[in-house]
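Colleague: Structure provided below as C-alpha cells; questions to follow.
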Amino acid sequence: MSEQTYLVTARKYRPQLFGEMVSQEHVSETLKNAIRLDRLAHAYMFAGPRGVGKTTAARILAKAINCTTALEDRVDGAEPCRKCDSCKSFEEGRSLNIIEIDAASNNKVDDARDLRDTVRIPPQGAKMKVYIIDEVHMLTTSAFNALLKTLEEPPPYVCFIFATTEPQKVLPTIQSRCQRFDFRRISVPEIISHLKKICKEEKITSDEASLMLIARKGDGALRDALSVFDQSVSLCGTELVYEDLISALGVVDTDLYFEVTDAAEKGDVGQMIRIVEKIVQAGYDLQEFLDGLAEHLRNLLVIKTVGDRTLLEATEDVQDRYEAESKRFTDSVLLRYVHIVGETADSLRNTRQPRLRLEMALLKMASLPSAVDIKTALEKIERLESIARDPSVFKPSISEEAPPSKSKEAVPSEPKEAGRPNPEKTPPIKEKPESSPVSTETVPDSSAPAADPASVQVDTSKLRLPFDEPALKRPSTKSKSAIGTGSVIVDPDSTGSVLMDRDSTDEVLVADALVEVAAEVVAEVAIDVSEPITKAWAQVVTDTMESQIRLGSLLRHTKVIATREGLIEIGVPDAFHERILKGERSRLSKLLEEAASTEIGNLRFVVCKDIADDSDASNGSEFDARGFLKKKCEENPAVQSLVERFGGEIVW
C-alpha cells in the first residue's frame with residue numbers, strides 16, 4: 001500500500017513563517033522585534049479563541065529561536081530560515097530541543113515534577129530548549145505550584161511558551177511570570193481572502209456566496225473554516241455551489257430570515273406558523289435558527305441606524321437586500337424584535353417544547369405592528385402638555401394658504417336650501433347655554449347666505465382656549481357626574497378662515513375629522529374648578545386631620561386648582577409637600593372618590609407659591625405652625641440666609 005499523501009487543508013497550508021500568519025500582525029511584529037533586539041523572555045503566554053494560530057505562532061517562535069542562520073541573512077531579519085539543521089529537524093519531527101506537551105493529558109503534579117527535572121538537562125546541539133505547553137489551563141493547582149519556582153528562575157537556556165483558550169483559569173502567579181499575547185478572532189473578509197488563495201492553489205472554482213458561507217461557518221476560527229472547506233470540496237468537487245452547500249452543511253438560508261421579517265412587517269400570523277413548519281421539516285436546529293435570526297435583525301438595525309454596509313458580513317447582493325428591507329421598519333420595532341428573539345434564545349435551552357416557544361416568539365413579532373408605539377404616545381402627551389402650558393402653540397390649520405374671510409355682505413346670496421349644511425357631513429354646532437357669561441355672540445342662522453358649495457370654510461379662530469374666562473359646561477350624557485369638562489366657543493365674526501377644495505368626499509371627511517379632533521384637544525385642556533370636588537377635598541382634609549395629624553397638617557396647605565376630565569390638580573406650597581403627598585396619592589384618591597361619590601381619575605400635585613398665603617388666610621384664628629415659622633424665618637436674617645444658601649424648606 002502506498003503511503004498516505006493527503007493532508008487536510010489546515011495542516012497542508014499551516015503557516016511556517018510569521019509573515020504567513022493571518023490577522024495576528026500585532027503578535028508577529030512584537031515577536032520579530034524581540035528576536036532582532038535579542039530581548040526574548042523566558043516565558044510567554046498565548047491566549048485567544050480556538051483556531052486562530054496560537055500553537056502555530058509558538059512553533060514558529062521556537063524555530064526562530066534555535067535557527068542557526070545569522071539574523072542579517074534571514075528574511076525580515078527575524079524569520080526562521082527553514083534550511084538549517086535545526087529548522088529541518090523540527091519540521092520533520094525529530095528535534096530534541098523543542099518539546100510539545102499537551103497539558104490536558106499531562107495535568108497532574110507528578111507530570112509537572114518530571115518536567116521540572118528535565119529542565120535541568122541543557123539542549124543538545126541548539127541554543128535553547130523550548131517547551132510548548134498547549135491548553136495550559138488544564139493543569140491542576142498543584143501542578144502549577146510545582147512549576148512556580150522553575151518558571152520564576154529557569155535556567156538561561158530554557159524558554160516556556162504556554163497556549164490557552166481560557167487564560168482566566170491560569171493562576172495569577174503563573175500569569176505574572178509570563179509575557180501575555182492575546183490573539184484575536186479572524187474576520188470574515190480575511191478568512192475569505194485566505195480561502196481564495198487556497199482555491200487558486202488547489203484549482204477550485206467557487207462563488208462569493210459559497211466562500212462567505214464557509215467563512216461565517218468558521219465563526220472567527222480559521223482552522224474551523226478550513227475544516228468546513230474540506231467538507232465542501234468532498235461534496236462538490238472542484239466547483240463549490242452555494243445551493244448544495246446550504247443543504248449539506250445544515251445552514252439556514254438567508255431567504256428564510258427575510259421571510260420571517262416580511263411576515264412580521266405584514267402581521268401575517270399564518271405565514272409565521274408555516275415558516276416554523278418549514279424549519280422543522282428541513283431538520284434545522286432551532287437554537288441555530290434563532291441565533292441566525294438575531295444576527296439577521298442586527299444587520300437590519302445596523303443598516304437602519306448607521307447605514308454602513310461594511311459592517312455587514314454578507315455579499316453585495318445580500319447587502320442590497322438588507323438596505324431595501326430596513327426601510328420597512330423603524331428603530332424601535334427592530335429593537336423589540338431583537339429583544340423577543342434574545343429572550344426566546346435564552347429560554348429555548350431549558351424548555352420541553354422548543355417548537356412551541358419558537359412559534360410564540362414569531363407570533364409576538366407578527367403582532368407588534370398592531371401594538372401602541374410608546375414613542376408616538378409620549379410625543380402626543382408632550383404636545384398636549386405644551387398646549388396646556390402655552391395655548392398659543394395650538395394652531396389647528398388645515399391649509400397653509402388661507403385667504404381672509406369675507407364679510408357677510410360680500411358673500412353672494414343664494415337660496416336658503418343651498419346654504420343649509422348637510423347634517424350627515426357637518427358636525428353639529430353646540431349652542432351656548434343661556435346662562436353663560438362668556439360671550440354675547442350668537443350662532444349664525446342656517447338661513448344666512450352660504451359660501452360656494454364647491455369649497456368648505458373652517459374658521460380656525462372659532463377654536464379658542466378659555467383659560468381667561470369661566471369654562472362652559474358641556475351637557476353630560478353619562479349617569480355619573482362628569483368632572484372638568486370644557487367647551488368650544490364659537491365666534492362667527494372672527495377672521496382667519498381656511499379654505500379646502502371639496503374635490504372628494506374623503507378630503508371633506510378628513511377636514512371635518514381634523515376640526516373635531518382639534519375641538520376635543522381644546523376642550524380637554526380647558527380648566528374648570530368643579531365646586532363639588534372642592535368641597536369633597538375640604539372634607540378629605542378635615543377627616544385626615546382627625547385621623548392622621550401629620551398628613552392632615554400637610555393637607556391644610558393645599559387646595560384644588562384645576563379639574564379636567566380624568567385629572568384633578570391639587571396645589572401645594574412647596575416641593576416638600578409635593579414629595580410627601582405623592583407617596584400618599586393612592587390613599588388620597590380613594591378618600592376623594594368616597595367624598596365626591598364619583599370617579600376622579602388621576603390625582604396630581606402641583607407646586608404653587610400662592611397656596612401658602614391663601615391657606616394661612618383661610619385658617620382664621622386657628623394657630624398655624626407653618627405660618628408662624630415662616631414669619632419667624634422672615635424676621636431672622638441669619639435663618640433666612642441659611643434657607644436661601646442651602647435651599648431649605650419649612651416643613652412644619
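Colleague: Please report, ordered by residue number, the helices (runs of 4 or more DSSP H) entirely within the range 42-152 with at least 2 residues that are in contact with a Pro (Cβ under 8 Å, 6 or more places away or on another chain) and not assigned by the TED database to the domain that holds residue 220.
Modeller: Those helices (runs of 4 or more DSSP H) span 54-66.
Colleague: If I go through the range 572-588 residue by residue, how many of them are part of a helix (DSSP H, G or I), hydrophobic (A, V, I, L, M, F, W, C) and buried (at least 18 other Cβ atoms within 10 Å of the Cβ)?
Modeller: As a first pass, look at the range 572-588 and keep what is part of a helix (DSSP H, G or I): 575-583, 585-588.
From what's left, hydrophobic (A, V, I, L, M, F, W, C): 575-576, 580-581, 588.
Those left that are additionally buried (at least 18 other Cβ atoms within 10 Å of the Cβ): 581, 588.
Number satisfying all stated conditions: 2.
Colleague: Follow-up. Suppose the filter is surrounded by 15 or more Cβ atoms within 10 Å (Cβ to Cβ) and in contact with a Gly (Cβ under 9 Å, 6 or more places away or on another chain); does residue 100 pass it?
Modeller: Answer is no for this residue.
Colleague: If residue 77 meets every condition in (1) touching a residue at least 24 places away in the same chain (Cβ under 8 Å); (2) surrounded by fewer than 19 Cβ atoms within 10 Å (Cβ to Cβ); (3) within 49 Å of the chain's Cα centre (by Cα) apart from one, which number is that one?
Modeller: Going through the list (1) touching a residue at least 24 places away in the same chain (Cβ under 8 Å); (2) surrounded by fewer than 19 Cβ atoms within 10 Å (Cβ to Cβ); (3) within 49 Å of the chain's Cα centre (by Cα), residue 77 breaks only (3).
Colleague: Please count how many residues of the range 179-226 are under 25 Å from residue 61 (Cβ atoms) and either in a helix (DSSP H, G or I) or of a type in the set (Asp, Glu) (or both). Even if it seems obvious, please write down each step before you answer.
Modeller: Taking the range 179-226 and keeping what is under 25 Å from residue 61 (Cβ atoms), we get 179-187, 190-191, 193-194, 197-198, 218, 220-226.
Within this subset, residues satisfying the condition of being either in a helix (DSSP H, G or I) or of a type in the set (Asp, Glu) (or both) are 182, 190-191, 193-194, 197-198, 218, 222-226.
Selection size over the range 179-226: 13.
Colleague: Give me a count of the residues in the range 128-153 that are surrounded by 14 or more Cβ atoms within 10 Å (Cβ to Cβ) and either among the acidic types (Asp, Glu) or at positive phi (or both).
Modeller: 2
Colleague: What are the residues in the range 301-330 that are assigned to a helix (DSSP H, G or I) and either exposed (fewer than 13 other Cβ atoms within 10 Å of the Cβ) or aliphatic (A, V, I, L, M) (or both), if any? Don't jump to the end; show me each part of the working.
Modeller: Restricting attention to the range 301-330, the residues satisfying the condition of being assigned to a helix (DSSP H, G or I) are 301-305, 309-311, 316-326.
Those that are assigned to a helix (DSSP H, G or I) and either exposed (fewer than 13 other Cβ atoms within 10 Å of the Cβ) or aliphatic (A, V, I, L, M) (or both): 301, 302, 303, 305, 310, 311, 316, 317, 318, 320, 324.
Colleague: Yes or no: the range 257-276 includes at least one residue that is in contact with a helix residue (DSSP H, G or I) (Cβ under 7 Å, 6 or more places away or on another chain), surrounded by 14 or more Cβ atoms within 10 Å (Cβ to Cβ) and closer than 21 Å to residue 228 by Cβ.
Modeller: Checked the range 257-276: at least one residue is in contact with a helix residue (DSSP H, G or I) (Cβ under 7 Å, 6 or more places away or on another chain), surrounded by 14 or more Cβ atoms within 10 Å (Cβ to Cβ) and closer than 21 Å to residue 228 by Cβ.
Colleague: Can you find a residue in the range 154-172 that is surrounded by 14 or more Cβ atoms within 10 Å (Cβ to Cβ), of a type in the set (D, E, K, R) and within 27 Å of residue 51 (Cα to Cα)?
Modeller: No, because not a single residue in the range 154-172 is surrounded by 14 or more Cβ atoms within 10 Å (Cβ to Cβ), of a type in the set (D, E, K, R) and within 27 Å of residue 51 (Cα to Cα).
Colleague: Answer yes or no: is there a residue in the range 24-33 that is part of a loop (DSSP other than H, G, I, E, B) and either in the same structural domain as residue 144 (by the TED database) or more than 19 Å from residue 10 (Cβ to Cβ) (or both).
Modeller: For the range 24-33, residues part of a loop (DSSP other than H, G, I, E, B) and either in the same structural domain as residue 144 (by the TED database) or more than 19 Å from residue 10 (Cβ to Cβ) (or both): present.
Colleague: Here are 235, 286: which of them is of a type in the set (A, V, I, L, M) and surrounded by 17 or more Cβ atoms within 10 Å (Cβ to Cβ)?
Modeller: Exactly one of 235, 286 is of a type in the set (A, V, I, L, M) and surrounded by 17 or more Cβ atoms within 10 Å (Cβ to Cβ), namely 286.
Colleague: Is it the case, given these coordinates, that residue 202 is surrounded by 15 or more Cβ atoms within 10 Å (Cβ to Cβ) and of a type in the set (D, E, K, R)?
Modeller: Against the criterion (surrounded by 15 or more Cβ atoms within 10 Å (Cβ to Cβ) and of a type in the set (D, E, K, R)), residue 202 does not qualify.
Colleague: For the range 537-555, indicate whether the set of residues that are more than 43 Å from the chain's Cα centre (by Cα), surrounded by 19 or more Cβ atoms within 10 Å (Cβ to Cβ) and part of a loop (DSSP other than H, G, I, E, B) is non-empty.
Modeller: No, there is no match, as no residue in the range 537-555 is more than 43 Å from the chain's Cα centre (by Cα), surrounded by 19 or more Cβ atoms within 10 Å (Cβ to Cβ) and part of a loop (DSSP other than H, G, I, E, B).
Colleague: Sort out which residues of the range 198-219 are of a type outside the set (A, V, I, L, M, F, W, C) and either closer than 24 Å to residue 247 by Cβ or modelled with pLDDT of 95 or more (or both), and write them in order of number.
Modeller: Result: 202, 205, 206, 207, 208, 210, 216, 217, 218, 219.
Colleague: Contact list please: Cβ distance under 6 Å, first residue in the range 229-248 and β-branched (Val, Ile, Thr), second residue at pLDDT 90 or above, pairs at least six apart or on different chains.
Modeller: Filtered contacts from the range 229-248: 238/204.
The values are calculated or read from the model by the stated rules, or taken from the named source; none is laboratory data. Computed from a prediction, not measured in an experiment: that's the story for all the values here. Neighbour counts run over all protein chains shown; Cβ positions are idealised from the backbone, glycine included.
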